[in-house]
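Report on the following structure.
Since every read-out is calculated from the coordinates, none of them should be taken as a lab result. This one's a predicted model, so the numbers in the text were calculated from it and none came from an experiment. Here the Cβ positions follow ideal geometry from the backbone for every residue, glycine too, while neighbour counts run over all protein chains shown.
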Amino acid sequence: MKRFFLMSVLLAARLFAAAAQLDAQNYAFPRNFRDIPGITQGEIQAIEKALAGRESFSFGMMESSECFYQDDGSLDGYAVSLAQVLSEIFGVPFEVKIYKWNDLMLGIKDGSIDFSGGFSPEGKTARGLLMTRPIRERSIKFVARAADATLLDVAFEGASSDSLRVAFMTDSSAERLAVPHLRKQYGDKLNVISINDHVKVADMLRRGEFDMFIADDTWAEIFIGQPDFVVGIFRPQLFKRVAITTNNPQFAPIINAINKILPHGNLQYLYELHRQGRIRFLRKVFINSLSEAERDYYDRR
């Protein structure tokens, strides 16, 4: 029964993957910045100046369902696909690297990281940064210990006489969006905990240092497939938008060029890139859940 269920999931994933093959020619997505609709000669020259002498750009992300390690140590996910598209458009590699949240914030602000695809145009972290129009919307999710599953039945339903300890990444949009709702339910019995290092979240949860972790769907989904945790949608459902971000004014022509690309239905192309990346992430989670015998069976299919 278990094998039948697992193989059914795998078959569905393969069908989705087959259906998700992308062809940029089906969209108005340019493959060279000089071909962007409406771009002027002056804007082209400004981009060329920004690119001059650059061997690569750094593209910082946190580990998430949009940017994750494959078993061979290589990075995969939507962020990697997005960086590949940008590399082709501008003719300079956008190299994806994973950072801790605090290091990513500091790196973008001091310019040691050139670009990121995970910052929201709303909230404290956006102040003073150069951003494209929003390229994606993320939902807010929570992670809790599976042993505390009963807590989830009441955590977001009306007022509570119990206390609740909730962790967020420091200055995250999830904190800005979720805390007002939680304050209505828990009042001064809500204890908000800030974390700078997402790598520590799992161990802190296991040790019971807080009851749940609330974050973007992409960060929370890293816990999918881990039997000691449960991942769910925060209620009421909340969303944040993210944009391609830099803090280097020299790269403003690149940000402006991306903004010119986004209309003409091209956001749909990015949504499809994200869907493909998510399929690859769920496939990795699925394969890692298999026993050695089940993986051997899978490899022979």
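Counting DSSP beta bridges in segment 35-156, what percent are antiparallel, to the nearest 5? Write down the numbers at each step before the final one.
Numbers: 3 of 10 bridges.
Around 30 percent antiparallel, to the nearest 5.
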Cut-off under 5 Å, modelled amide H: who pairs with Asn191 long-range = Leu164, Arg165, Val166
Here the relative contact order (percent) of segment 99-228, from C-alpha pairs under 8 Å and at least 6 apart, is 33 percent
Counting other beta carbons within 10 Å of each Cβ, put Arg206, Arg283 in order, fewest first.
-> Arg206, Arg283
Looking at this model, which pairs from Lys109/Lys260; Lys141/Lys200; Lys124/Lys189; Lys141/Lys240; Lys100/Lys184 are more than 21 angstrom apart at the alpha-carbon?
-> Lys109/Lys260; Lys124/Lys189; Lys100/Lys184
